[in-house]
C-alpha cells in the first residue's frame, strides 16, 4: 500500500486534469453517479454536509445545485485539490455557503455531531485505516445523520466483470496517461479497485463503525456501488 504522503503527492500531481480525466475514464457517467449520491441525502432543515476526500468539490457543487444542503464543508489531504475547489466555488453563487480545508479523514477536525450527512466519493480505498475513517465519519454525524460512500467495485456478472477488468488493466491507464501524463497514478487506481473490499464485505466495515440500516446499491451492473448507512 502506498503511504499517505505518496497518495497526497499523487493527487497533487494529477489535480490540474483530475476532473477532465474522471469524465473521460467514466465516459461522462461520473456526473450521473454524483447525482445518484446526492439524491439519497437525508432531508434536514439545516442541511450541513461534510464531503471527505472532496477533490475539486464536485459533490458539494452538485448538492448545492440540487438545493439539498444549506452549508457544505469539503476536506482533502491534497492542498492542490483544495485550491482548485476554492477557485471553482469562488466563481459560483454558492461561495458563501461552502468552506474547504486541508485535512485527514483519519482525524476530522470537527466537533462531535456537527453534520447532517457525510459523503465520500472514490476516496475510501485510499485511506490508510478504513475502520478509523468510518469511525470518524460516525463521530461527526448528528443523530439520525447519514453516510453516503461512492466507491468502485467489480460486477457480479462474470462476463461483465471480465470485460471491466480488461478495461481497468489495459485501457484505463493509457487514457490516464494521455490526459494527465501520469500513467502510474492510474495503474494505482486499477490496483486499488481490484483489491478493495466491496458489496457485503464493505457493509461489514460500516456496521462495525456503528452505522445501521446499511445497504449497498450497485450502479451500472456493479462497476461502482453506493453505500448508505444511518446513525
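The values are calculated or read from the model by the stated rules, or taken from the named source; none is laboratory data. Everything numeric here is computed off the predicted structure, so don't read it as measured data. Ideal geometry is used to build each Cβ from the backbone, glycine not excepted, and the neighbour counts take in all protein chains shown.
Okay, here's what the table says:
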| quantity | calculated |
| --- | --- |
| Residue check for residue 78: in contact (Cβ under 8 Å) with a residue 24 or more places away in the chain, over 28 Å from residue 6 (Cα atoms) and out of contact with any strand residue (DSSP E or B) (no Cβ under 6 Å at 6 or more places or on another chain) | no |
| Residue 204, sole failed condition from (1) in contact (Cβ under 8 Å) with a residue 12 or more places away in the chain; (2) closer than 30 Å to residue 231 by Cα; (3) surrounded by fewer than 19 Cβ atoms within 10 Å (Cβ to Cβ) | (1) |
| Search result, residues across segment 179-214 that are under 17 Å from the mean Cα position of the chain (by Cα) and farther than 23 Å from residue 7 by Cβ | 199, 203 |
| Members of segment 134-176 that are assigned to a strand (DSSP E or B) and either at positive phi or exposed (fewer than 15 other Cβ atoms within 10 Å of the Cβ) (or both) | 143, 144 |
| Check on residue 99, over 17 Å from residue 207 (Cα atoms), in contact with a strand residue (DSSP E or B) (Cβ under 7 Å, 6 or more places away or on another chain) and free of Cβ contacts under 8 Å to residues at least 40 places away in the same chain | yes |
| Residues of segment 63-92 satisfying the condition of being surrounded by fewer than 17 Cβ atoms within 10 Å (Cβ to Cβ), touching a helix residue (DSSP H, G or I) at 6+ places or on another chain (Cβ under 9 Å) and modelled with pLDDT under 95 | 65, 66, 70, 92 |
